[in-house]
1. Would you mind getting me the FRET efficiency between residue 153 and residue 282? Use the beta-carbon distance for r and R0 = 41 Å, nearest 0.05.
2. Computed FRET efficiency, Cβ-Cβ of residue 32 and residue 9, R0 51 Å: what is it to the nearest 0.05?
3. Mind counting lysine pairs for me in the range 23-178? Cα separation below 18 Å, and the two need to be 8 or more apart along the chain or on different chains.
4. Please work out how much length the chain gains when fully extended from residue 95 to residue 75, using 0.36 nm per residue of separation minus the C-alpha to C-alpha distance, in nm with one decimal.
5. Express the accessible area of the range 37-87 per residue in Å², computed with a 1.4 Å probe while the remaining protein chains stay in the model.
6. Mind checking the full-extension length gain between residue 129 and residue 106? Use 0.36 nm per residue of separation minus the Cα-Cα distance, one decimal, nm.
7. Stretched out fully, how many nm does the piece from residue 195 to residue 23 gain, at 0.36 nm a residue minus the Cα gap?
8. Using only the alpha carbons of the chain, what is the convex hull's orientation-averaged projected area in square nanometres?
Amino acid sequence: MSNLDFKDIALVPRVVSTVDSRDDVKVLVKFNDTYQFTNRIIASPMKDVCDGNVANEMRRCGGLGIIHRFMPIEDQVSQYITSPNSACAIGVNGDYKERFIQLYASGCIAFCLDTANGATNLVKKTIEWLSKHEVNIIVGNVASAECYEWLQSFPVVRAIRVGIASGYACTTKNATGVSRGMVSCIRECASVKKNTLLIADGGIKEPEDMCKAIACGADLVMLGSIIAATKDSPADIIVRDRKYKVYHGSASFEIQKSYRDKPRYIEGKTRLLEYNGESLESVMVRFLDGLRSSMSYFNALDLENYRKNVTFA
């Protein structure tokens with residue numbers, strides 16, 4: 001059984017590069033008929049990560065923001081209206097139908113089914129209900145080829161989040177014993193990927209992790225804590241020995257009590273992130289430059305050649 005994580009591998013060039021500048025490298029990817037990524041980063045649909053303001057900034061920087069669902073429906077609708085061409089998160093039970101209907105009526109056509117386990121009957125029922133509408137669905141999370149294949153069998157599914165128990169504020173492994181190293185997870189799911197986009201979700205701490213994820217077969221990466229720590233995020237700032245941003249896992253007690261009368265089965269925790277005032281734009285540029293530089297080492301002007309030429313150690 002393989003359980004490799006990002007720290008367990010390195011990328012080794014074995015080709016002579018003719019790429020003169022990393023600016024020549026192309027990383028464009030099409031999400032739907034109206035949206036193309038020029039930066040392969042998605043902001044996680046978490047309360048302390050992506051609101052309407054972050055979604056706007058993600059769009060400006062070439063990525064995608066998914067506006068979180070831990071707010072009243074009318075607030076999420078209002079935030080979407082001020083940040084069109086973003087995606088919005090909905091659940092798979094509770095108010096998800098009403099939330100979807102109001103967001104869809106406001107023009108949203110990209111939705112993320114925000115649930116820890118993407119391979120459930122509830123997810124199936126929700127996808128089938130959403131399939132009655134002209135939408136693009138992001139769904140997950142999964143950690144195996146079998147579950148990935150099952151999700152990509154639904155025509156309305158455009159992208160699948162891959163990774164379980166790798167998030168900085170996630171305690172799923174401790175609570176359930178369920179986990180998978182991100183490298184092994186991505187490579188296995190990528191081996192069966194057809195027309196969907198594979199999103200590496202979890203464990204991305206530095207640009208090198210994004211490079212490794214994409215080299216292993218991911219199309220996009222999802223960032224949580226990295227974005228939460230920026231000055232643009234909606235996360236609260238507290239001061240102790242220094243400044244911190246407060247980062248809640250989506251299944252943490254603090255988040256669940258905001259929309260459940262009796263929070264239970266907690267699989268997330270609250271973390272403090274060191275805050276240095278870095279902007280979201282700076283993060284996006286830093287990660288994009290890292291990917292382009294990595295591709296230049298492998299004589300790759302596009303991702304097809306990057307994956308073809310890369311070797312691992």
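The values are calculated or read from the model by the stated rules, or taken from the named source; none is laboratory data. Keep in mind it's a predicted model, so treat the numbers as computed, not measured. Note that each Cβ is placed from the backbone with ideal geometry, even for glycine, and that neighbours are counted across all protein chains shown. Side chains are part of the model used for accessible areas, which takes the heavy atoms of the whole protein and leaves out ligands, DNA and RNA. Shrake-Rupley method; radii C 1.70, N 1.55, O 1.52, S 1.80 Å.
1. Details: r = 40 Å, r/R0 = 0.97.
With R0 = 41 Å, the Cβ-Cβ based efficiency is 0.55.
2. Numbers: r = 32 Å, r/R0 = 0.63.
Result of the calculation: an efficiency of 0.95.
3. Working: 97/124; 97/125; 97/132; 124/132.
Lysine pair count for the range 23-178: 4.
4. On the way: separation 20, 0.36 × 20 = 7.20 nm, distance 1.39 nm.
So the extension gain works out to 5.8 nm.
5. Working: 1590 Å² over 51 residues.
Per residue, the range 37-87 has 31 Å² of solvent-accessible surface.
6. Numbers: separation 23, 0.36 × 23 = 8.28 nm, distance 1.85 nm.
Extending this stretch completely gives an extra 6.4 nm.
7. On the way: separation 172, 0.36 × 172 = 61.92 nm, distance 2.78 nm.
59.1 nm is the gain from fully extending residue 195 to residue 23.
8. 16.0 nm²
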